[in-house]
């Protein structure tokens, strides 16, 4: 049986199989993983990391403005259902949620919502600005 790939060429299943095997062999011999990778053993500078972060922030992020459908959310939920999280991970999550933030304007302390809402809407700031 011949398979049409484009307008003029027809490849047999045997030809496709040979091409696939040759391609796999090429990738095995020309791998850029581990020590063969030019960036192996190197690290990005803090400045570069900051720049890469800024490039993908807000409207520049590939997922900006997209929303997951309910079907997708259900699929993600099924994948994570029954997942066992190590005690170490639980402790890290717990510690990150317990972090306390203090307002630099009125010294009020609170959780993560302090960063999101209070700091910009602090009454101390609102009263001092005309």
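Restricting 75, 92, 56 to residues that are more than 30 Å from residue 110 (Cβ to Cβ) and either surrounded by 10 or more Cβ atoms within 10 Å (Cβ to Cβ) or free of Cβ contacts under 8 Å to residues at least 12 places away in the same chain (or both) narrows the list to 75.
Report whether or not residue 16 is surrounded by 10 or more Cβ atoms within 10 Å (Cβ to Cβ), assigned to a helix (DSSP H, G or I), modelled with pLDDT of 90 or more and touching a strand residue (DSSP E or B) at 6+ places or on another chain (Cβ under 8 Å). Considered against the rule, which asks whether it is surrounded by 10 or more Cβ atoms within 10 Å (Cβ to Cβ), assigned to a helix (DSSP H, G or I), modelled with pLDDT of 90 or more and touching a strand residue (DSSP E or B) at 6+ places or on another chain (Cβ under 8 Å), residue 16 comes out as yes. Scanning the range 95-108 for residues that are surrounded by fewer than 10 Cβ atoms within 10 Å (Cβ to Cβ) and either within 19 Å of residue 124 (Cα to Cα) or in contact (Cβ under 8 Å) with a residue 60 or more places away in the chain (or both) yields one hit, 107.
The values are calculated or read from the model by the stated rules, or taken from the named source; none is laboratory data. It should be emphasised that the depicted structure is a prediction, and the values quoted were computed from it without experimental measurement. Neighbour counts are summed over all protein chains in view; Cβ atoms, including those assigned to glycine, are modelled from backbone coordinates with ideal geometry.
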